[in-house]
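Working notes for the structure below.
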Amino acid sequence: MSLLEFDAVTKIYSVRGAGQIKALDDVSFTLKSGHTTGLVGQSGSGKSTIAKILTQLETPTTGEVRLGGKPIPRRGKGLRSYRQQLRMVFQDPFASLNPYHSIGYHIQRPLQLDNVVPKEQLDDEVRRLLGRVHLEPNTVIDRRPHELSGGQRQRVAIARALASRPQFLVADEPVSMLDVSIRLGVLNLLADLQREEGLGVLYITHDLATARHFSDEIIVLNQGRVVERGAADDVILRPQNPYTQRLRAASPDPDRHFGSATGILGGTQ
Amino acid sequence: MGESLLSVRDFSVVYDVDPPVEAVTNVNIDLRRGEILGLAGESGCGKTTLAYGVQRLLKAPAVITSGSVVFHDSSGEDIEINALDPEDMRRFRWDKISMVFQGAMNSLNPVATIGSQLEDVFEVHRPTHTKAQRRTAVGELLEIVKVGAQRYRSFPHELSGGMRQRVMIAMALALRPQLMVMDEPTTALDVLVQREILRQISALRHEFGFSVIFITHDLPLLLEISDRIAIMRDGEIVELDTAEQIWTNPQDDYTKSLLASFPRLTGEKGLVSR
């Protein structure tokens, strides 16, 4: 089992006029391959700073990130091979794909850059990856992003993230910009891939309900500090920290509102 | 609660492009005085078009092809909205029905203070008010929505997203309308801020007694705040019932599939349909 350790990371931003802002304060957690960790908190709690540090777009002020016990190289080949092991799926599928390039090109690029497969197998691998995310290769491969729906685009982004065969995936609000009826489909796809490929997933969201269903463990972040962590059901159903309790009370919950276990969704379906 | 405020009959809107798009088809709604009616459905189902349509806010190529919208004013008068001439329509709008727009946080003018933008409402609709009266009214509004009168001279960028949203609600509340249409008013806000705003809308409704048409795709949210919910799909209302009925005993298959697409926060786990 592969481990990605985020160890005692503090990140301080210096902002002109506002002094120093502590975006992360002594945050530690470990991602394990084959496990999904949910990261929840409101806007400004530091969720995205964690994603940026994990991808080495930012460096920690103190503390470090280790993959398999080794610190992450700051540059060069070492950094590239680290990034091959950890990929991102971004929030906005309309912004994260290049409107100028075909879908096939989006998938092919990381394959070439990381020499994942020999040249003559490129096309087959692109098709295989599109198939993995339930897209029909023949119909989408030559299309441009604007010709696809939001859900299809997010599937392309997932296929692209999988191309370099990473061990870890950081999904930053991967479904919040999608239509409600397809959100679950994309999350289920991520969950299936996570299981089948043994990925370690960091699922960043402010939606407690999906965090509970798709995570093994949940970490609650408030103002850059971890205020609560534990098994998903423990954190959401029996929150101990007042902040987690507030988050939960603020989340829509028809079960609480109408009394639980009623009706069609009440357990027999 | 039984008294009707707005009667929408056989209402249809077509976008006259090639080929024409039937955005809203034969919709019938009776909105009661003081109720919150939730309007749910996915992007493109016609919920915004319907909400704009009943207030005649649509622009070409949208065409209202059939139907009537009657507003039962608190004075006892019945107003057929489609029959109003432009000047009467201008007076009617905002006075009787106001709107909190989608992306309301960004619909404020960035180069004018929020106080002056709120004053505009009174300047146009209450031309007999003196400047001092307008000032007082705006200060009161800012207090009601808990932004505070001291923010009168603030510019929109000096306020947080939640505060800007409250300013938009203050603006919609300004003339004490009988109906407020809210199009995704809390979608861009995080859950804690969203909850505060919802509490406030609910408190204001109890205080002032207006009705609300609340449009969103967030069904769990609607289930909590609405008296009744209309589920829309492809321009038609497929089901309209009390929130409790929609939750416990949904009739339409599409309603069921929408309900099933939200994992439950506290209910039994593993009910995520596949």
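Per DSSP H run of at least 4 residues, take -39500 (n - 2.57); add these up for chain B, divide by its residues and hand me the 222 nm value, nearest 500 deg cm²/dmol.
On the way: 9 runs with 93 residues, N = 274.
It comes out at -10000 deg cm²/dmol, rounded to the nearest 500.
If each DSSP helix of 4+ residues adds -39,500 (n - 2.57) and the sum is divided by the residues in chain A, what number results at 222 nm, nearest 500 deg cm²/dmol? Kindly include the intermediate steps, with their values, before the conclusion.
Numbers: 11 runs with 103 residues, N = 269.
Calculated at 222 nm, the ellipticity per residue is -11000 deg cm²/dmol.
Summing Lys, Arg as +1 and Asp, Glu as -1, what charge do residues with Cβ under 13 Å from the Cβ of residue A:201 carry, residue A:201 excluded?
Surrounding charge for residue A:201 is -3.
Residue by residue through the range A:213-225, which ³J(HN,Hα) values in whole Hz follow from phi under the Karplus form 6.51 cos²θ - 1.76 cosθ + 1.60 (θ = phi - 60°), with glycine and proline marked x?
Coupling constants for the range A:213-225: 6, 10, 10, 7, 10, 10, 10, 9, 10, 9, 6, x, 10 Hz.
Could you go through the range A:39-50 in sequence order and give the Karplus-derived ³J(HN,Hα) for each residue, using 6.51 cos²θ - 1.76 cosθ + 1.60 with θ = phi - 60°, rounded to whole Hz, and x for Gly and Pro?
For the range A:39-50, the Karplus-derived couplings read 10, 10, x, 7, 4, x, 7, x, 4, 6, 4, 4 Hz, x marking Gly and Pro.
Dipole magnitude of the range A:6-156 about its Cα centre, charges +1 at Lys/Arg Cβ and -1 at Asp/Glu Cβ only, in debye to the nearest 20?
340
Answer rounded, prolate or oblate for chain A, using the Cα gyration tensor with square roots of eigenvalues a ≥ b ≥ c: rounded when a/c is under 1.5, else prolate when a/b is larger than b/c, else oblate.
Here chain A falls in the oblate category.
Enter the Cα centre distance for the pair the range B:44-64 and the range B:185-242, rounded to the nearest angstrom.
After rounding, the separation between the Cα centres reads 19 Å.
Over the range B:60-110, what is the mean sequence separation of C-alpha contacts under 8 Å (at least six apart), divided by residue count, expressed as relative contact order in percent?
About 20 percent, as a whole number.
State to the nearest 20 debye the size of the charge dipole of the range B:53-159 about its Cα centre, where the only charges are +1 on K and R beta carbons and -1 on D and E beta carbons. Working shown, then result.
Numbers: 13 positive and 14 negative charges, 94 e Å.
Computed about the Cα centre, the dipole is about 440 debye.
What number comes out for the charge environment of residue B:182, summing +1 per Lys or Arg and -1 per Asp or Glu over other residues with Cβ under 13 Å away? Numbers along the way, then the final one.
Numbers: positive: B:47, B:166, B:205; negative: B:183, B:184, B:218.
In short, 0.
Can you tell me the 0 to 90 degree angle between the C-alpha axis of helix B:191-208 and the longest principal axis of chain B, rounded to 10?
So the inclination is approximately 70 degrees.
Highest mean first, how do B:42-55, A:201-214, A:106-119 rank when packing is the count of other Cβ atoms within 10 Å averaged over residues? Walk me through the numbers on the way to the answer.
Working: B:42-55: 21.6, A:201-214: 24.0, A:106-119: 16.0.
Listed from highest to lowest mean packing, they are A:201-214, B:42-55, A:106-119.
Using the number of other C-beta atoms within 10 angstrom as an exposure proxy, rank B:197, B:213 with the fewest first. Walk me through the intermediate numbers first.
Details: B:197 18, B:213 26.
Final ranking by Cβ density, sparse to dense: B:197, B:213.
Gaussian network model of chain B, Cα springs within a sub-10 Å range: biggest mean-square fluctuation belongs to which of B:56, B:33, B:199?
Of B:56, B:33, B:199, the Gaussian network model singles out B:199 as fluctuating most.
Anything over 21 Å Cα to Cα? Flag those among B:96/B:146; B:47/B:256; A:52/A:77; A:47/B:146; A:11/A:52; A:11/A:32, in the order listed. Numbers along the way, then the final one.
Details: B:96/B:146 23 Å; B:47/B:256 18 Å; A:52/A:77 19 Å; A:47/B:146 29 Å; A:11/A:52 11 Å; A:11/A:32 23 Å.
The pairs that break the limit, which is 21 Å between Cα atoms, are B:96/B:146; A:47/B:146; A:11/A:32.
What FRET efficiency, computed as 1/(1 + (r/R0)^6) with R0 = 41 Å and r the Cβ-Cβ distance, is obtained for residue B:88 and residue A:95, rounded to the nearest 0.05?
Using R0 = 41 Å, I get an efficiency of 0.40.
In peptide B:252-265, what is the residue-averaged number of other protein chain Cβ atoms found within 10 Å of each Cβ? Don't skip to the end; give the middle numbers.
Values: counts 0, 0, 1, 1, 3, 1, 2, 4, 5, 7, 11, 11, 9, 16.
Mean inter-chain Cβ contacts per residue within 10 Å come to 5.
Under unit Cβ charges (Lys, Arg +1; Asp, Glu -1), what dipole magnitude, rounded to 20 debye, does the protein assembly as shown have relative to its Cα centre?
Values: 63 positive and 67 negative charges, 495 e Å.
Taking the Cα centre of the protein assembly as shown as origin, the dipole is about 2380 debye.
Picking from A:73, A:99, A:117, whose Cα lies most toward the positive end of the charge dipole for the protein assembly as shown (charges on Cβ: Lys, Arg +1; Asp, Glu -1)?
A:73
Let me have the relative contact order for the range A:1-103, percent, based on Cα pairs under 8 Å that are six or more residues apart.
Relative CO of the range A:1-103 lands at 29 percent.
State whether the protein assembly as shown is rounded, prolate or oblate according to the following rule on the C-alpha gyration tensor (a ≥ b ≥ c being the square roots of its eigenvalues): a/c under 1.5 gives rounded; otherwise a/b larger than b/c gives prolate, and the remaining case gives oblate.
Cα axes put the protein assembly as shown in the prolate bin.
Okay, which of the range A:58-75 sit inside 14 Å, backbone N to the point 7 Å along the Cα-Cβ direction of residue A:12?
Backbone N within reach: A:60-63.
Connecting C-alpha atoms closer than 10 Å in a GNM of chain A, tell me which of A:248, A:132, A:238 has the biggest fluctuation.
A:238
Compute the long axis of helix B:131-144 from its Cα atoms, compare it with the longest principal axis of the Cα atoms of chain B, and write down the angle in degrees, 0 to 90, nearest 10.
Helix B:131-144 sits at roughly 40 degrees to that axis.
Sort B:208, B:92 so that the residue with the fewest other Cβ atoms within 10 Å of its own Cβ comes first and the one with the most comes last.
Sorted ascending by nearby Cβ count, the order is B:208, B:92.
Run the numbers on chain B and let me know its relative contact order in percent, using alpha-carbon pairs under 8 Å that are six or more apart.
This gives 24 percent for chain B.
Putting +1 on Lys and Arg Cβ atoms and -1 on Asp and Glu Cβ atoms, find which of B:55, B:242, B:202 reaches farthest to the positive end of the dipole of chain B.
Checked the options; the winner is B:202.
Rounded if a/c is under 1.5, else prolate if a/b is larger than b/c, else oblate: which is the range B:104-188, with a ≥ b ≥ c the root eigenvalues of its Cα gyration tensor?
oblate
Around residue B:34, which amide H atoms from residues at least 5 apart in sequence, or from another chain, sit under 5 Å from its own amide H, with H modelled in the peptide plane?
Placed amide hydrogens put B:211 under 5 Å from residue B:34.
May I ask which residue of B:137, B:267, B:13 lies farthest towards the positive end of the charge dipole of chain B, with charges of +1 (Lys, Arg) and -1 (Asp, Glu) on Cβ and the Cα centre as origin?
B:137
Readers should treat all values here as calculations from the given coordinates under stated rules, not as data from a laboratory. In this text the structure is predicted, and so the values were computed from the model without any measurement. Backbone-built Cβ (ideal geometry, glycine too); neighbour counts: all protein chains shown.
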